[in-house]
Amino acid sequence: MDKELIFNVGIKGLESKICRRVGIKSSDTLADLVYFILTSFELYSNKFFTISYDSDKYDSANVIFDNNQYKSAMGIMLKDIDFDVNKELILEYNYQSKIEFVINFIDSINISLDDDYPKIIDGAGKGAIDYVSGCELKQIVDETDVLGHSNYSTTIIIDDEEEEEFF
């Protein structure tokens, strides 16, 4: 029977400021979990990733051929991983502008038929910024904390019109 697996996820070094608590079905794959996490942090989720748990290492498409050290995250169902409570998984996203996520398994509970999965249960912070590394993101957050507002903005296009969006 499907279970809901609950994870706390944070950007490494910013776990208390930019984090999510997510629920996902145990019949989903490890890749599904990663792509949902990336989406919940407002990342495009179109770059390669690796995720490590215990001594096991997985990647987005079996593209890292480091002596066959990595398995494909697409073929591993979450229910087939023996998660220990509060034991960390480390997710590395986008190798050029690397952002690391710390993922902790919290609980496994019965599926609620009223809920859609995957789901964001709780969280803090706007998210991450594609093409900005974890170190640069930490500098932006620290500067925002000192100033009380953000000076970092990006241009987004909504209905063919450009708008400036502040982080």
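Only the coordinates and a few stated rules stand behind these numbers; no lab work does. None of the values given here were measured: they were computed from a predicted structure. Backbone-built Cβ (ideal geometry, glycine too); neighbour counts: all protein chains shown.
Put a plus charge on the Cβ of each Lys and Arg, a minus charge on the Cβ of each Asp and Glu, and nothing anywhere else: the dipole of the chain about its Cα centre is then about 660 debye. Helical content of the chain, expressed as a calculated mean residue ellipticity at 222 nm, amounts to -4500 deg cm²/dmol (DSSP H runs of 4 or more residues, -39,500 (n - 2.57) each, divided by residue number, nearest 500).
Once C-alpha pairs closer than 8 Å and six or more residues apart are averaged by separation and normalised to the residue number of the range 3-127, the relative contact order reads 39 percent. Within the chain, the proportion of Cα pairs with more than 30 Å between them is 20 percent. A simple spin-label model places pseudo-atoms 7 Å from Cα toward Cβ; at ASP107 and LYS126 they are separated by 3.2 nm. Considering only GluC sites (Glu not before Pro) in DSSP loops that have at most 16 other Cβ atoms within 10 Å, the longest stretch of the chain without any of them is 43-167.
Build a GNM of the chain with springs between Cα atoms under 10 Å apart, and of SER16, SER55, SER26 the one that fluctuates most is SER55.
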